[in-house]
Number of protein chains: 2
Amino acid sequence: MLVFQKYGGTSLGTLDRIRRCARRCLGVVASGNELVVVVSAMSGETNRLIALANALAEPAAELDGASSHKGPWVAPRKGGQAHNRELDQLVSTGENVSASLLAMAIHQAGGQAVSLAGHQLGMRTDDAFTHARITDIETSRIRSELAAGRIVVCAGFQGTSPGGDITTLGRGGSDTSAVALAASLRADVCEILTDVDGVFTTDPRVVSHARKIDRLCFEEMLELASVGAKVLQLRSVEVAARFGVPIHVRSSEHQGQGTMIVPEEESMESVVVSAVALDRNEGKVTVVDLPDVPGTVAGLFEALAEAGIVVDMIIQNAGHAGHTDVSFTVPESDLAEAEALLAARGDKVVTDPGICKVSLVGLGMRSHAGVASRMFRILATEGINIDMVTTSTIKISVAVAERYGELALRALHDGFGLAGPVEPSGDSAGDSAVGSAPDQA
Amino acid sequence: MLVFQKYGGTSLGTLDRIRRCARRCLGVVASGNELVVVVSAMSGETNRLIALANALAEPAAELDGASSHKGPWVAPRKGGQAHNRELDQLVSTGENVSASLLAMAIHQAGGQAVSLAGHQLGMRTDDAFTHARITDIETSRIRSELAAGRIVVCAGFQGTSPGGDITTLGRGGSDTSAVALAASLRADVCEILTDVDGVFTTDPRVVSHARKIDRLCFEEMLELASVGAKVLQLRSVEVAARFGVPIHVRSSEHQGQGTMIVPEEESMESVVVSAVALDRNEGKVTVVDLPDVPGTVAGLFEALAEAGIVVDMIIQNAGHAGHTDVSFTVPESDLAEAEALLAARGDKVVTDPGICKVSLVGLGMRSHAGVASRMFRILATEGINIDMVTTSTIKISVAVAERYGELALRALHDGFGLAGPVEPSGDSAGDSAVGSAPDQA
């Protein structure tokens with residue numbers, strides 16, 4: 001078999017952990033497999049490098065007056081594209097360091113390995129620095145290293161632009177690197193080794209008896225990733241789905257089976273709800289007294305889109321006296337910017353950061369009626385008011401007051417029978433998957 | 001003018017220092033010059049990365065029994081060439097980080113800049129990992145960036161092998177990178193910006209009234225670098241001499257003129273002695289009672305050469321009763337290995353770590369007689385015994401007891417009139433050049 005393994009930053013966070021990963025790699029090849037490993041930067045390293053870049057950018061930004069910082073990936077005023085190019089040259093070094101160290105650890109453990117940086121492993125991208133898209137992968141170097149009997153350790157998260165510059169794929173890009181490389185080399189499986197045991201029926205930090213899911217289809221994982229499950233980057237699941245690469249999300253700490261994410265199978269539809277997710281990072285915006293004429297609402301959302309603000313749930317009230325109200329949710333971190341932008345347009349705006357989104361995901365929803373009504377009944381029984389609703393064929397999301405979020409999650413998890421048979425387990429303390437922010441970069 | 005500037009790790013050691021370098025770069029282009037900058041890793045970074053690699057290597061080395069460590073650049077037992085390849089992939093990231101940060105700082109200061117890693121700047125080498133030789137430089141990318149009006153910030157110390165792997169040029173390789181790039185782009189000057197004011201008549205930490213030298217020729221600088229002056233890497237001076245690239249060694253802290261190192265000029269021969277250097281890193285080996293037959297001594301030095309031990313000064317005593325004694329010096333760090341190696345051959349060996357080497361360098365020696373006798377007289381007056389002597393056309397070195405090294409340096413510095421007119425200077429406290437180990441990587 002040709003096996004791909006992706007190790008996250010926490011799994012590579014210390015030299016001892018790197019040694020442990022090296023032993024695990026040797027175990028894979030000892031079983032007669034070929035192995036390509038994709039690594040993230042050691043935990044903390046990417047943030048350390050970004051902090052250096054931000055510190056350099058700050059004094060100049062102050063001279064220009066206050067600048068609005070959305071996050072570390074937002075370019076400061078000066079430099080622009082040139083600054084983002086340097087940011088990618090800078091942060092890509094983090095993965096190169098961990099790749100070299102893992103290759104050395106494999107040597108020390110008696111194996112053959114070679115590390116490859118983005119420009120060596122043939123990962124070609126466009127030149128959208130800090131959030132590049134993969135255009136194609138030239139696999140000859142990886143193939144020849146595998147043929148020479150080596151474990152190939154690839155620096156994740158990075159590629160090269162047509163002009164030969166270093167690019168990065170954005171936060172969590174190492175998952176995408178791993179899946180894209182696995183697809184282009186037609187790997188048998190792409191293992192995502194992380195600090196959780198797999199994908200769970202919900203966040204075990206909120207619902208202690210959450211259960212690890214054995215199998216999910218790509219479509220379910222896509223929906224889960226989009227509603228707050230952070231165990232896999234959304235984009236990596238999209239790539240896996242498009243090319244049919246089976247993903248195995250499993251622990252880097254032990255050899256236990258995790259969650260297989262595979263093309264849809266017939267038996268899967270029998271499960272109505274696979275998982276319940278909570279996304280606390282939502283804020284609500286209500287624009288009141290909008291003129292109820294065609295184009296008004298479109299103009300509103302065009303203005304938000306131009307500012308790069310992603311709108312999630314939307315409801316529009318019935319008009320009254322030629323006016324209407326529109327409510328929608330945005331990432332909580334964009335709430336202030338959305339408010340300022342709309343106020344500047346002359347809109348009357350009310351914002352509410354105190355909401356969250358609870359979602360049910362399951363392939364069986366396609367063929368089972370009554371999931372929504374059952375969901376609403378469970379929430380009503382707990383006295384939880386529903387603010388907004390959105391649905392897809394295999395997902396229902398509701399916005400509720402943030403203080404009821406955990407209660408809603410527990411009630412829905414048990415109300416849809418996700419707890420299943422209680423397993424005597426004691427070794428997964430502290431692990432989490434859905435709704436958590438584990439080992440990613 | 002096309003100006004090259006090389007900044008060492010201390011000059012780039014903090015973000016504030018990087019900002020200062022950026023402002024200096026802008027000053028160079030504001031005067032109408034084109035500028036290429038070559039950077040070392042931020043001080044401490046290379047050592048941090050090597051420590052990570054060594055820590056990974058150690059446990060395995062212990063399992064194999066004690067291993068002799070000559071220094072951080074010696075490969076551990078396991079891995080060999082593959083390990084050295086990874087070491088280069090690893091440590092090269094240090095220069096990439098400082099190059100990106102300097103480019104960002106230039107953006108923030110309002111300038112145009114682009115950083116280039118080894119594989120982008122066209123520095124091609126052989127595949128002797130950790131001590132690669134430059135084979136050729138493909139300058140098209142640098143030229144096009146200069147043509148676009150950008151300051152080009154090159155990661156020093158690194159290149160790429162014919163197979164596309166990352167190589168490094170060895171300790172101090174950034175000087176060599178800078179001079180080689182300057183040569184291939186026919187730069188008007190290559191400035192080595194460092195934490196000293198220039199090349200001094202001797203180590204100012206030992207002789208407080210040492211004087212900064214205004215001009216030296218390549219040949220003198222080569223001799224000085226070979227006898228303990230660490231202000232410039234020997235190899236970089238060799239490259240500068242071969243291609244006639246003028247080097248300007250100057251402070252990164254202020255704009256004062258430093259030391260120009262240039263092709264030989266007529267007036268230079270009038271200076272008999274330009275500088276005096278002290279090298280404490282010498283140890284003496286004496287092999288007694290060697291059979292006085294042809295080939296014996298050759299066999300001795302062949303054995304040392306095979307072990308990679310560089311022999312410096314050699315004296316052979318007149319034979320007595322068919323036997324002879326041979327004494328020679330080696331770097332003090334190789335003394336134990338030399339002793340063990342010769343003892344294993346059955347040689348009778350006596351070693352003495354307590355010696356040092358004092359050298360006079362000056363172009364005028366070629367045409368001035370009596371320099372050696374004057375040197376010996378000065379040392380005799382101080383009661384210092386001379387153990388060994390070596391000479392070249394523009395250099396005389398003597399080995400003396402280490403405890404007399406500083407006294408010898410002072411006596412020779414003043415005895416040959418190097419102090420010159422006393423200048424009222426107060427801003428070079430703590431600076432040093434000859435015999436010191438400044439800002440290099």
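FYI, it's all coordinate maths here, none of it is from the lab. No experiment lies behind these values; they were computed from the predicted model shown. We place every Cβ from the backbone using ideal geometry, glycine too, and count neighbours over all the protein chains shown.
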Original post:
Taking the Cα centre of chain B as the origin and placing charges on Cβ (Lys, Arg +1; Asp, Glu -1), which of B:Met1, B:Thr139, B:Asn47 is farthest toward the positive end of the dipole?
Top reply: B:Met1
**OP:** Can you tell me what the convex hull of the Cα atoms of region B:2-194 projects to on average, as an area in nm²?
**Re:** 10.4 nm²
**OP:** Pick out, from A:Val179, A:Gly258, A:His248, the residue whose Cα sits farthest towards the positive end of the charge dipole of the protein assembly as shown, with +1 on the Cβ of Lys and Arg and -1 on the Cβ of Asp and Glu.
**Re:** A:Val179
Original post:
Taking amide hydrogens as modeled 1.01 Å from N in the peptide plane, which residues meet the under 5 Å criterion relative to A:Arg215, leaving out close sequence neighbours?
Top reply: A:Met260
**OP:** Can you find, among B:Val276, B:Val297, B:Val371, the residue farthest towards the positive end of the dipole of region B:276-415? Put +1 on the C-beta of Lys and Arg, -1 on that of Asp and Glu.
**Re:** B:Val371
Subject >> ³J(HN,Hα), Karplus 6.51/-1.76/1.60, whole Hz, each residue of region A:330-346, x for Gly, Pro >> reply: 9, x, 4, 5, 9, 4, 5, 5, 4, 4, 4, 5, 6, 4, 5, 7, x
Subject >> Projected label distance in nm at A:Val349 and A:Thr391, using a 7 Å step from Cα toward the beta-carbon >> reply: 3.2 nm
Original post:
How large is the dipole of the protein assembly as shown about the Cα centre if only Lys and Arg carry +1 and Asp and Glu carry -1, each at its Cβ, rounded to the nearest 20 debye?
Top reply: 180 debye
Original post:
Semi-axes of chain B's equivalent ellipsoid from the Cα gyration tensor, sqrt of 5 times each eigenvalue, largest first, rounded to whole Å?
Top reply: 38, 30, 18
Original post:
Which trypsin sites (Lys or Arg not before Pro) does region B:115-151 hold that lie in a coil by DSSP with at most 15 other beta carbons within 10 Å?
Top reply: B:Arg133
Original post:
How much length, in nm to one decimal, is gained on full extension between B:Arg280 and B:Ala147, taken as 0.36 nm per residue of separation minus their Cα-Cα distance?
Top reply: 43.1 nm
**OP:** Rounded to whole Hz and in sequence order, give me ³J(HN,Hα) for region A:194-205 from the Karplus expression 6.51 cos²θ - 1.76 cosθ + 1.60, θ = phi - 60°, writing x for Gly and Pro.
**Re:** 9, 8, 10, 7, x, 8, 9, 5, 6, 5, x, 6
Original post:
If we count other beta carbons within 10 Å of each Cβ, what is the order of B:Cys356, A:Cys154, fewest first?
Top reply: B:Cys356, A:Cys154
Subject >> Kirkwood hydrodynamic radius of the protein assembly as shown, Cα pairs, Å >> reply: 31.2 Å
Original post:
Taking chain A as a Gaussian network, where each spring joins two C-alpha atoms under 10 Å apart, which residue of A:Ala343, A:Ala105, A:Ala277 fluctuates the most?
Top reply: A:Ala343
Subject >> Cα-based helix-to-principal-axis angle, A:15-30 vs chain A, degrees rounded to 10 >> reply: 70 degrees
Original post:
Relative to the longest principal Cα axis of chain B, at what angle does helix B:296-306 sit, 0 to 90 degrees, rounded to 10?
Top reply: 20 degrees
**OP:** One decimal, nm, shortest first: give the distances between the label point of B:Ile315 and those of the same position in the other copies, each label point 7 Å from Cα along Cα→Cβ.
**Re:** 9.9
Original post:
Where does region A:247-349 land on the Kirkwood hydrodynamic radius, alpha-carbon pairs, in angstrom?
Top reply: 17.1 Å
Original post:
If amide H atoms are built 1.01 Å from N in the plane of the peptide, which residues on other chains or at least 5 residues away come under 5 Å of the amide H of A:Leu116?
Top reply: A:Val153, A:Cys154, A:Ala155
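With respect to the cross-link table entries A:Lys212/A:Lys284; A:Lys6/A:Lys230; B:Lys348/B:Lys395, which display a Cα-Cα separation exceeding 22 Å?
A:Lys212/A:Lys284; B:Lys348/B:Lys395
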Original post:
Taking the alpha-carbon centroid of each part, what is the distance from region B:83-107 to region B:156-179 in angstrom?
Top reply: 11 Å
**OP:** Scan around A:Ile355 for amide H atoms under 5 Å from its own, H built in the peptide plane at 1.01 Å from N, and keep only partners 5 or more places away or cross-chain.
**Re:** A:Lys284, A:Glu402
Original post:
What are the nm distances, shortest first, from B:Arg280 to its equivalents in the other copies, labels at 7 Å along Cα→Cβ?
Top reply: 5.8
Original post:
So, with +1 on the Cβ of K and R and -1 on the Cβ of D and E, and no other charges, what is the size of the charge dipole of region A:155-230 about its Cα centre, to the nearest 20 debye?
Top reply: 120 debye
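Roughly how many debye, to the nearest 20, is the charge dipole of chain B about its Cα centre, given +1 on each Lys and Arg Cβ, -1 on each Asp and Glu Cβ, and no other charges?
So the dipole magnitude of chain B works out to roughly 1020 debye.
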Original post:
Does anything in region A:394-413 have its amide N under 16 Å from the 7 Å Cα→Cβ label point of A:Ala419, and if so which residues?
Top reply: A:407-413
Subject >> Å³ per residue enclosed by the Cα convex hull of region B:276-415 >> reply: 122 Å³
Original post:
Per-residue HN-Hα couplings for region A:162-173, Karplus 6.51 cos²θ - 1.76 cosθ + 1.60 at θ = phi - 60°, whole Hz, x for Gly and Pro?
Top reply: x, x, x, 8, 7, 10, 10, 8, x, 3, x, x
Subject >> Identity and axial distance of the chain A residue whose Cβ lies nearest the axis relating A to B, Å >> reply: A:Thr93, 2
**OP:** Measure out, as a whole number of angstrom, how far apart the alpha-carbon centroids of region B:229-277 and region B:369-419 sit.
**Re:** 23 Å
Original post:
So, how do all the Cα-to-Cα distances of region B:109-150 break down into 10 Å bins, in percent, from 0 on up?
Top reply: 26, 43, 22, 9, 0
